[in-house]
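Notes to accompany the following structure.
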């Protein structure tokens, strides 16, 4: 398992955190002692029903997450133990029920919820890898293609959640997990609410650098998640946040959009179309922001297709004699390897030009279905979700 990071005041969600929870040295397998969770300690090797605790993954304000093993089927899972065990059982079931309504490859899957020896816990998919936050901290600004790929995957997850009426409310890189295969999974829906519940709430929930202006007033709408996605996209493209945690005196500036400067000012290599998408997502006025994740996703996919198909700008060359402008020579045409025609004979393994091979590779590699925009397995020729040929 890779190194992990987390904000000690936030719920880690599903898999990992920046500050590990207190660890007690390995001990023999012991049953759960009533009241042990209230003390905030679970032992390595301890069992909760059929699950054996391996190690803590993180602890936050809402609960502690542990890596565990399902001893019946020898499978690793993530177990989340809420701190507030004394809540009404129906309230404890709210989060797993909400997660169970979400079934998407870019969202961490909930397996079940159980109560053993008076300890309630949620069993979730374990996602090995790193958080997006860790990747940005270690690498700084990501390559454009990588940032767009990651953004599309997160937008897919957000679109699915919104269609189920679910608002995340705490979307940020620390809650996005990246597998070794480059698949992103959004977790930490512990602060989420169904739209009809959130619309009447006044509780301020979220991480301030990623919160939309209306969230500071206790309001959250679908566009609030898209603002958070815009901040995340800004951070991936530039390596920094658009602004640090706003102080109370900065709230009016935040509402007027004065704290945000275009990402191109910090990274001139960002295309204008991408810059415009980020700035629209970060509009302080809800009405001028993207209202649906699908709209943002459509703009991203259109911009990405345009960037892939657009030829790389050629270096400036001095004008030829007579004022003629320089133009690249036409690329020679070759048949596929093994069928090249050379003087009436077939020459084996005739190579195609390097530029042609690179262009072909760029078009062949598409991580999303053109029709349903869901992530595709490597080298897939048919989408497993909508069956469209790629």
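Worth pointing out:
- Here the simple spin-label model places points 7 Å from the Cα toward Cβ, and for residue 183 and residue 241 these points are separated by 3.1 nm.
- Based on every Cα atom in the stretch 91-177, Rg and the maximum pairwise Cα distance Dmax equal 15.1, 50 Å.
- Diagonalising the gyration tensor over the Cα atoms of the stretch 130-308 and scaling each eigenvalue by 5 before taking the square root yields semi-axes of 23, 19, 16 Å, largest first.
- Cβ-derived FRET efficiency at R0 35 Å, residue 253 paired with residue 50, nearest 0.05: 0.10
- Here the spin labels are modelled as points 7 Å beyond Cα on the Cα-Cβ line, and at residue 288 and residue 217 they lie 1.5 nm apart.
- Restricting the calculation to Cα atoms, the stretch 250-295 yields a radius of gyration followed by a Dmax of 11.6, 31 Å.
- FRET efficiency for residue 74 and residue 145, using Cβ-Cβ distance with R0 set to 25 Å, rounded to 0.05: 0.10
- Peptides 216-227, 141-152, ordered by how many other C-beta atoms sit within 10 Å of their residues on average, highest first, read 216-227, 141-152.
Every number in this text was worked out from the coordinates using simple rules, so none of it is lab data. Predicted model only: the values in this text are computed from it and were never measured. Every residue, glycine as well, gets a Cβ built from its backbone with ideal geometry; the counts of neighbours run over all protein chains shown.
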